[in-house]
Amino acid sequence: MSGFSYRRGELFAEAVPVAEIAAAVGTPVYVYSANAVRARLRAFAAAFADLPALFCYALKANPNLAILRLLAAEGAGADTVSGGEIERALAAGMPPERIVFAGVAKTDEEMRLGLGRGIYQFNVESAEELERLAAVARAAGTTAPVAIRVNPDVAAETHDKISTGRRGDKFGIPLEEATAVYERAAGLPGVAAVGVHLHIGSQITGLGPFARAYRRGVELWRDLRARGIAVERIDFGGGFGIRYREETPVDPVALAALVRDLLGGAACRLIFEPGRALVGEAGILVSRVIYRKETRAGRFLVVDAGMQTLLRPALYDAWHDIFPVREPPPGTPLLVMDVVGPICESSDVLGRDRRLPPLSRGELIAIGAAGAYGAAMVSNYNSRPRPAEVLVDGDRWAVIKPRLEPAAQFADEVVPSWLPGPDAQDRPSGSHGDADD
Ligand code: LLP
């Protein structure tokens, strides 16, 4: 299920009218379907039921605690890329033994946090990081379970900016150098090499790139074991594409068949790090029409969501379907228009040349497949209210992140007391470099 459908002429999220949510919490607002998220995880889990697989949700896709709690309750783990994400996962009740920690720039502090909480695995990105992690673990009197992230040099056949597994990308260690790093790890107190990790990119829809990368990962895993290095798991990363437009998403059943085939019955624990595939199609962004503008140069629908709310179209030229919340009666003529946001940049376009029914000021539109890398990449740019987030579960719904008004966005900003202003003498001092006067 995707969780969103028209009923009696209006868009519903599960059993709740989307317009009701927008009226109650304002727009723009992200709306997620809990059952759509559950269904996606269950589809992966069912496909891999006969294999020892752990699904560590890449929480960068949508780190809201409610989403994490919902996935944790379904047995998922977490793929984290910062101390902050580890904290989020733990705060949501994710068990440490299901948390993996990746990222190219782990600091000592982040390593200590992961070690202290006993997380499942550190995905190490460089030889230098391995040495550092070993030292930090020794100082803490513990041993870090490590998977070395290898760069399999495989083109993900996706957008350039979200490809990560080509030679020259900043991620991982080239395959031909990986064995030496594993050998170093084997002799290094403070780390235990437990696995092989790879991740070649995001929004990959064909099985081909996965097949090529996974084969290289499995070959390395076998080779390491033959050398007496007891790696017991492979973390195949995430990257499973979804349907934004006409793509055919990765089928978990086909993915499982591929993995079964490559492993040929070998006893190996498996980790996957799906992010987008679990939440992307389970979310929409609801926005309100502010103005219509029709000139000889074109027709624009100006809405209150924009690149500050959903960055993907501006950043990756990404396509998101756009549809009206009130279903147009059959036979309504469609107009071609650009749907644009309120931000003072020409890149602030949510969709070009979209065919939509005539919409008036105040009407609602929904932007599809916005559950992943939508709210996660929201910014305060242009000081507009930050969108609320709502979770719908059957006929229940709740605000899982309230809208943040501009005044709250600048509440933590400090004007130094030496700057002239109406209230200069009343201001508390405290910023760095503040004179002691
Ligand atoms: N594992 C690692 C090591 C990753 O770097 C990523 C994503 C994932 C898992 C999850 O990938 P997914 O299953 O969601 O494709 N902001 C971009 C996507 C950036 C993805 C970064 N890494 C977008 O909006 O398309």
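The values are calculated or read from the model by the stated rules, or taken from the named source; none is laboratory data. Note that the structure is a prediction, hence the values are computed from the model and not measured. When we count neighbours, we look across all protein chains shown, and the Cβ atoms used for this are built from the backbone with ideal geometry, even at glycine. Remember, those area values only see protein heavy atoms, side chains included, never the ligands or the DNA or RNA. Shrake-Rupley method; radii C 1.70, N 1.55, O 1.52, S 1.80 Å.
At-a-glance table
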{"quantity": "Pairs, first in contact (Cβ under 8 Å) with a residue 60 or more places away in the chain and over 21 Å from Arg326 (Cα atoms) in the stretch 278-306, second polar (S, T, N, Q) and in a loop (DSSP other than H, G, I, E, B), C-beta under 9 Å, six or more apart", "calculated": "Leu278/Asn62; Val279/Asn62; Gly280/Asn62; Gly280/Gln203"}
{"quantity": "Matching strands (runs of 3 or more DSSP E) fully within the stretch 341-416 where at least 3 residues are in contact (Cβ under 8 Å) with a residue 60 or more places away in the chain and more than 16 Å from the ligand (Cβ to nearest atom)", "calculated": "364-367, 388-393, 396-401"}
{"quantity": "Qualifying residue in the stretch 99-121 (condition: modelled with pLDDT of 95 or more and under 30 Å from Trp397 (Cβ atoms))", "calculated": "yes"}
{"quantity": "Odd one out for Ala186 among (1) surrounded by fewer than 19 Cβ atoms within 10 Å (Cβ to Cβ); (2) farther than 26 Å from Gly116 by Cβ", "calculated": "(2)"}
{"quantity": "For His320: the one exception among (1) more than 24 Å from Phe44 (Cβ to Cβ); (2) within 16 Å of the ligand (Cβ to nearest atom)", "calculated": "(1)"}
{"quantity": "Cβ-Cβ under 9 Å pairs, at least 6 apart or on other chains, the stretch 238-251 side without any contact (Cβ under 8 Å) to a residue 40 or more places away in the chain, far side of a type in the set (Val, Ile, Thr) and within 14 Å of the ligand (Cβ to nearest atom)", "calculated": "Phe240/Ile204; Phe240/Thr205; Phe240/Val250"}
{"quantity": "Selection within the stretch 300-316 - under 24 Å from Arg276 (Cα atoms), touching a Pro at 6+ places or on another chain (Cβ under 7 Å) and not small (Gly, Ala, Ser)", "calculated": "Thr309"}
{"quantity": "Evaluation of Met111 against (1) in a helix (DSSP H, G or I); (2) outside the structural domain of Ala178 (by TED's automatic domain parsing) (one fails), failing number", "calculated": "(2)"}
{"quantity": "Pro342 being crowded, with 17+ Cβ neighbours inside 10 Å and either of a type in the set (Val, Ile, Thr) or at pLDDT 95 or above (or both)", "calculated": "yes"}
{"quantity": "Failed criterion for Thr332 (all others in (1) within 21 Å of Asn382 (Cα to Cα); (2) open to solvent by 20 Å² or more (accessible area, probe 1.4 Å) hold)", "calculated": "(1)"}
{"quantity": "For Glu157: the one exception among (1) out of contact with any Lys or Arg (no Cβ under 6 Å at 6 or more places or on another chain); (2) more than 16 Å from the ligand (Cβ to nearest atom)", "calculated": "(2)"}
